[in-house]
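No lab work stands behind these numbers, since they all come straight from the coordinates. Model, not experiment: these values are computed from the prediction. Note that each Cβ is placed from the backbone with ideal geometry, even for glycine, and that neighbours are counted across all protein chains shown.
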Amino acid sequence: MYTREQTSQLRQAFWTTFGQYMMPVLSAEGLKANWVNYNTGFKHLYFRMRADKKTASIAIEITHPDTEMQELIFEQFTLHKSMLEEITGEDWQWDLHTTDENNRTVSRIYQEISPVSVFNRDDWPALISFFKPRIIALDAFWSDAQYAFEELK
């Protein structure tokens with residue numbers, strides 16, 4: 001087992017490696033992007049990539065504290081479901097009102113793989129191969145779809 005410090009260092013090393021790998025990739029709008037901490041420009045709306053000792057996931061996460069507002073945003077995404085799945089080339093999991101690791105109510109649209117471990121450097125190529133095309137596809141999707149969400153900002 002790893003100490004807390006080793007765990008933190010390995011996570012940080014992976015995300016630094018991923019960030020460096022993605023650095024030359026421009027956004028759908030031709031701009032530099034911070035792929036690891038992707039900014040949607042909307043409060044309470046995130047594109048999150050997670051990796052732990054068993055799984056990895058990439059998600060559109062809606063964290064608005066008002067669950068009715070969360071539902072409105074989620075419904076707006078469902079109107080764009082075919083566009084999202086066409087751009088990403090795959091079906092995504094849709095969870096309205098689930099709980100996150102902090103026991104808050106969130107809604108998620110996500111993809112997940114397992115078994116992979118961020119703590120096993122041999123899994124890093126699989127993790128990068130999982131995250132890279134999906135975060136690029138989410139960016140392409142968001143480049144077009146974000147305007148439909150303006151009234152929900």
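For Lys153, give me every one of the lysines with a C-alpha distance below 22 angstrom, ignoring sequence neighbours fewer than eight places off in its own chain.
Qualifying lysines at Cα under 22 Å: Lys43, Lys81.
Do the sum for the chain: with -39,500 (n - 2.57) for every DSSP H run of n ≥ 4, divided by all residues, what is the mean residue ellipticity at 222 nm, to the nearest 500 deg cm²/dmol? Walk me through the intermediate numbers first.
Numbers: 4 runs with 62 residues, N = 153.
It lands at -13500 deg cm²/dmol.
Report the net charge of residues surrounding Ser129, where surrounding means a beta-carbon distance below 15 angstrom and charges are Lys +1, Arg +1, Asp -1, Glu -1. Kindly include the intermediate steps, with their values, before the conclusion.
Working: positive: Arg121, Lys132, Arg134; negative: Glu90, Glu112, Asp122, Asp123.
Within the 15 Å Cβ shell, the charges total -1.
Compute the relative contact order of the chain as a whole-number percentage, counting only Cα pairs closer than 8 Å that sit 6 or more residues apart in sequence.
Values: 206 pairs, mean separation 39.4, N = 153.
Rounded, it is 26 percent for the chain.
Net charge within 13 Å of Arg104 by Cβ-Cβ distance, Lys/Arg positive one each and Asp/Glu negative one each, not counting Arg104 itself? Before the final figure, lay out each step's value.
Values: positive: Arg108; negative: Glu61, Asp66, Asp100, Glu101.
Summing Lys/Arg as +1 and Asp/Glu as -1 gives -3.
Given a Förster distance of 22 Å, report the FRET efficiency between Arg104 and Phe42 from their Cβ-Cβ distance, rounded to the nearest 0.05. Walk me through the intermediate numbers first.
Details: r = 17 Å, r/R0 = 0.79.
The computed FRET efficiency comes out at 0.80.
Can you give me the convex hull volume of the Cα atoms of the chain, divided per residue and expressed in Å³? It would help to have the intermediate numbers written out before the result.
Working: hull volume 17.8 nm³, N = 153.
Dividing the Cα hull volume of the chain by its residue count gives 117 Å³.
Quick one: 3J(HN,Hα) in Hz for the range 138-151, Karplus 6.51/-1.76/1.60 with θ = phi - 60°, rounded, Gly and Pro as x.
Values, residue by residue: 4, 4, 5, 4, 5, 4, 8, 7, 4, 5, 6, 9, 3, 5 Hz.
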